[in-house]
Amino acid sequence: MTAEETLYQFIAAIPFGNVATYGQLARLAGRPNAARWVGRTLKHLPKDTKLPWHRVINAQGKISFPENSEPWNVQKDKLADEGILLHNGRIRLKDFQWQC
DNA sequence: GAGATGACCATTG
DNA sequence: GCAATGGCCATCT
């Protein structure tokens, strides 16, 4: 099981209606300080991936795309479908962050 | 091999 | 809450 595969497993395991941060997933995958590695890995995902990549946000509860950009809107919509709404441009981690 | 870059984080003031 | 700072990992030039 490579670190990447482990990462995919954890992303797939994020429950509906919850989100996880880059640093959190990095830790779970066994790379405590590799948040950037998580971001890089996500960017490499095929566009037809089954992974809920939209549930991955940064530690500030914000979407890591320029606001109102195309991917930003896609992610926002998917989150809204799960009842996760942006409050002042960011997500309330306190309410939605995955506890594991 | 050095420097820049990127879907980042924790700490500090 | 926000900005600056230093750190992290992998890739590209």
Filter result for A:Glu67 (in a helix (DSSP H, G or I) and either within 10 Å of DNA strand B (Cβ to nearest atom) or more than 14 Å from the chain's Cα centre (by Cα) (or both)): no
Enumeration of residues in segment A:70-85 that are charged (D, E, K, R) and open to solvent by 30 Å² or more (accessible area, probe 1.4 Å): A:Glu70, A:Lys76, A:Asp77, A:Lys78, A:Asp81
Among residues of segment A:11-43, those that are under 24 Å from A:Leu85 (Cβ atoms), assigned to a helix (DSSP H, G or I) and either out of contact with any strand residue (DSSP E or B) (no Cβ under 8 Å at 6 or more places or on another chain) or not aliphatic (A, V, I, L, M) (or both), counted: 5
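What's the total number of residues in segment A:31-69 that are of a type in the set (S, T, N, Q), under 24 Å from A:Gly89 (Cβ atoms), more than 15 Å from DNA strand C (Cβ to nearest atom) and surrounded by 10 or more Cβ atoms within 10 Å (Cβ to Cβ)? Quick ask: steps written out before the conclusion?
Our first condition is that a residue be of a type in the set (S, T, N, Q); within segment A:31-69, this holds for A:33, A:41, A:49, A:58, A:60, A:64, A:68-69.
Next cut, under 24 Å from A:Gly89 (Cβ atoms) only: A:58, A:60, A:64, A:68-69.
With the extra rule that they be more than 15 Å from DNA strand C (Cβ to nearest atom), the set shrinks to A:68-69.
In the following step, the residues that additionally are surrounded by 10 or more Cβ atoms within 10 Å (Cβ to Cβ) were identified as A:69.
Adding up the residues that qualify gives 1.
Which of the residues belonging to segment A:87-100 are more than 17 Å from A:Leu25 (Cβ to Cβ) and open to solvent by 50 Å² or more (accessible area, probe 1.4 Å)?
Within segment A:87-100, the subset more than 17 Å from A:Leu25 (Cβ to Cβ) is A:87-90, A:92, A:94-95.
Selection gives A:His87, A:Asn88, A:Arg90, A:Arg92, A:Lys94, A:Asp95.
The values are calculated or read from the model by the stated rules, or taken from the named source; none is laboratory data. Worth saying up front: this structure is predicted, and the values here are computed from it rather than measured. Neighbour counts are summed over all protein chains in view; Cβ atoms, including those assigned to glycine, are modelled from backbone coordinates with ideal geometry. For the accessible areas, the whole protein counts, side chains as well, though only heavy atoms, and no ligand, DNA or RNA atoms are used. Shrake-Rupley method; radii C 1.70, N 1.55, O 1.52, S 1.80 Å.
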